[in-house]
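Some notes on the structure that comes next.
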Amino acid sequence: MMFKPLFSSRAVLTLLFPLAIVLSPTLAAKEFGDIQQYHENIQPSGSEGIINTSVTATTNAEGVVYLPTYEKGELANYEVLSGTLIGMPERVDIHGREAYRYRFASSDSPVTLQQTFQVKKLYKEKKAKLKYSHPAGVTRVSYTFTNTSPSTIDDFSTQLSVPKGTELYGVVTPKWSKKKKTFTISKLDDWKVVTVNRSALAAGQDVETKVRLYRPEPSIKWVLWTFVILISGALLWKRRDVLVDEKEAVESAPIEEQK
């Protein structure tokens, strides 16, 4: 007596196909290692930007971690804080995007490192487009981070420093929201910084930060100082009679009273 199978092979494939779709990104991420944390601190050097990154990651089965690159940037320095690095980092092509490949001695192991990048024209200022009246000298700086690595970044953050000699006129992107905190503004080592955080930043995803800066022109400073001096002089001139009367009263008062 023959028994009919409860499920046909086609039915089994139909049931397993959605599960395979869900699991495939996770398996692919494990293949290239994991990036738990990627933090950027960006400071200006003229129109260029100096990006210092702190990274916490886990190597794959081959002891490799792939980290993001910058389109107009070069890796100026790196330091491994935990883990044993084999050789030097290499800039390689993964799925049509460039990434830095770090090879470590241990597989499936946590590693931490720091990197310094020099990125051209990161602080290139453009004239801000404002709908309403505003002071002269308002410019815009735009910065976009792209996760060029094949791995998802669990916790990503970027800190864009405001150039010294300028004022932060406003944050354009990400847009301010009452419902959730989209960015923060704070002080860090005498720099005013705009911080943006993202979680589960997938491969190929972008994070854009766009701010407006205000740089008062030197002529405006002279005008303000001149205005202050003129106002002070006008007030003194207006009170000249009172000052003269007070001076004469003091001079004409008996010495004992002056004491």
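The values are calculated or read from the model by the stated rules, or taken from the named source; none is laboratory data. Computed from a predicted structure; not experimentally measured. Note that each Cβ is placed from the backbone with ideal geometry, even for glycine, and that neighbours are counted across all protein chains shown.
Assorted remarks:
- The set of residues in region 190-207 being exposed (fewer than 14 other Cβ atoms within 10 Å of the Cβ) and part of a strand (DSSP E or B) consists of Ser199, Ala200, Asp206.
- Within region 161-189, being of a type in the set (Ser, Thr, Tyr) and not in a strand (DSSP E or B) holds for Thr166, Ser177, Thr182.
- Within region 142-160, the set of residues being out of contact with any Lys or Arg (no Cβ under 7 Å at 6 or more places or on another chain) and assigned to a strand (DSSP E or B) comprises Tyr143, Thr144, Phe145, Thr146, Ile153, Asp154, Asp155, Ser157, Thr158, Gln159, Leu160.
- Counted as qualifying within region 36-84 are the strands (runs of 3 or more DSSP E) with 2 or more residues that are in contact with a helix residue (DSSP H, G or I) (Cβ under 8 Å, 6 or more places away or on another chain), namely 64-68.
- Looking only at residues of region 58-89 that are among the aliphatic types (A, V, I, L, M) and more than 30 Å from Val162 (Cβ to Cβ), we find that the one that is farthest from the chain's Cα centre (by Cα) is Ala61.
- On the stretch given as region 131-141, residues that are of a type outside the set (S, T, N, Q) and part of a loop (DSSP other than H, G, I, E, B) total 6.
- Number of the condition not met by Arg101 [criteria: (1) outside any strand (DSSP E or B); (2) surrounded by 15 or more Cβ atoms within 10 Å (Cβ to Cβ); (3) basic (Lys, Arg)]: (1)
- Pair list, Cβ under 8 Å, 6 or more apart: region 94-123 residue at positive phi, other residue at pLDDT 95 or above and among the charged types (D, E, K, R): Lys121/Glu48
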